[in-house]
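The next block holds one structure in the form of structure tokens; read it before the comments.
The values are calculated or read from the model by the stated rules, or taken from the named source; none is laboratory data. Not measured: the values here are computed from a predicted model. As a convention, Cβ positions derive from the backbone with ideal geometry for all residues, glycine included, and neighbour counts pool all protein chains shown. When the accessible area is computed, the model is the full protein with side chains, heavy atoms only, and any ligands, DNA or RNA have been set aside. Shrake-Rupley method; radii C 1.70, N 1.55, O 1.52, S 1.80 Å.
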Amino acid sequence: MALSFDESGVRSSDEIAWMRDAAFLETLRRQMLKFATQQLSDTHLAEDAVQEAFIGAMKNAQKFAGRAAFKTWVFAILKNKIADALRQRHRAVEVSQLPYADDEEDNAHQLFDHRGFWQADEQPKAWMEPETAIKNAQFWRVFEVCLEHLPGRQGRVFMMREFIELETNEICAALGLTVSNVNVMLHRARLRLRKCLEKNWFVEGESC
Amino acid sequence: MLNCRDATRLMSEAQDRPLRWGETISLKMHVMMCSGCRHFGDQMHVLRRIVRAYADGADESATTSQRSDQDAAR
């Protein structure tokens, strides 16, 4: 990717090292593309959104001393680009086009007995020190794996709601789903994600 | 009385819309007697906190990350 900073008058010696770190930029671009593709279900739209976000962020790249700060900024721009694209595209995506169209008769019922009460070994337990967890790099690896394991539709709807912060009615409009469809998917995604985090980190996992 | 499946559904929806009066009451009564659902309710708030932190790049600034050490040394 060719990027020019000439207009800012920044000499190369003043440039921040990560700007020339091709591996970092490529990894970041790939992460963004994966996220945007998952959200938009359209490779071309996703590539456009990523490119626009990247160019937008690079304009102010000198302000960001560290990789983490830059990544946060570029993802914030990408979130807005995706939210705009989703809002513009009411009902463009048919439910049938979504991946994993209905794998999702799900293990939700395995969590509860026939009367709808927790199975004995599925009862949520108290979580130890969540504020410590979010400062731990190992925790984030667990979190990302748990997120990846959400079935396509659930993961996508969950990220639309929690990461991009769309309201339920905006998600309905973007995906052509009913409110109760979306509520069911969010409920299942949260059940699944909390179980995964509990099992792999907060209770049985080692938190160092 | 509410069962755990419905109680967790309401606690999930409480993240997305204000619950109605009747829903709030029946949920409170259930949670009073059910520690599993009480923990689930706490975890809904933690989950939101976690995803917001993720969106804010907390995963990049977490400790044991070599990258942040490099950036700090600069």
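Pairs linking a residue in region A:118-140 that is more than 7 Å from chain B (Cβ to nearest Cβ) and polar (S, T, N, Q) to a residue that is part of a helix (DSSP H, G or I) and open to solvent by less than 20 Å² (accessible area, probe 1.4 Å), with Cβ atoms under 8 Å and 6 or more positions apart or on different chains, are A:Q119/A:L111.
Listed here are the residues, each with its yes/no results for (1) assigned by TED's automatic domain parsing to the domain that holds A:E170; (2) assigned to a helix (DSSP H, G or I); (3) modelled with pLDDT under 85; (4) among the hydroxyl-bearing types (S, T, Y).
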| position | (1), (2), (3), (4) |
| --- | --- |
| A:L3 | no, no, yes, no |
| A:L25 | no, yes, no, no |
| A:R29 | no, yes, no, no |
| A:E47 | no, yes, no, no |
| A:Q51 | no, yes, no, no |
| A:F54 | no, yes, no, no |
| A:Q62 | no, yes, yes, no |
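All of A:C146, A:C196, A:C172 fail the test of being more than 8 Å from chain B (Cβ to nearest Cβ) and without any contact (Cβ under 8 Å) to a residue 12 or more places away in the chain, apart from A:C172. Exactly one residue out of A:Q123, A:Q97, A:Q110 is open to solvent by 40 Å² or more (accessible area, probe 1.4 Å) and at pLDDT below 85, and it is A:Q97.
Taken over region A:78-87, the criterion of being surrounded by 19 or more Cβ atoms within 10 Å (Cβ to Cβ) and either more than 9 Å from chain B (Cβ to nearest Cβ) or assigned to a loop (DSSP other than H, G, I, E, B) (or both) is satisfied by A:L78, A:K81, A:I82, A:A85, A:L86. Can you tell me which residue in region B:1-56 is farthest from the other protein chains (Cβ to nearest Cβ), limited to those that are closer than 16 Å to A:F112 by Cβ and not in a helix (DSSP H, G or I)? Selected residue: B:M1. Which of the residues belonging to region B:1-34 are touching a strand residue (DSSP E or B) at 6+ places or on another chain (Cβ under 6 Å) and either at pLDDT below 95 or open to solvent by less than 40 Å² (accessible area, probe 1.4 Å) (or both)? Matches in region B:1-34: B:C4 only.
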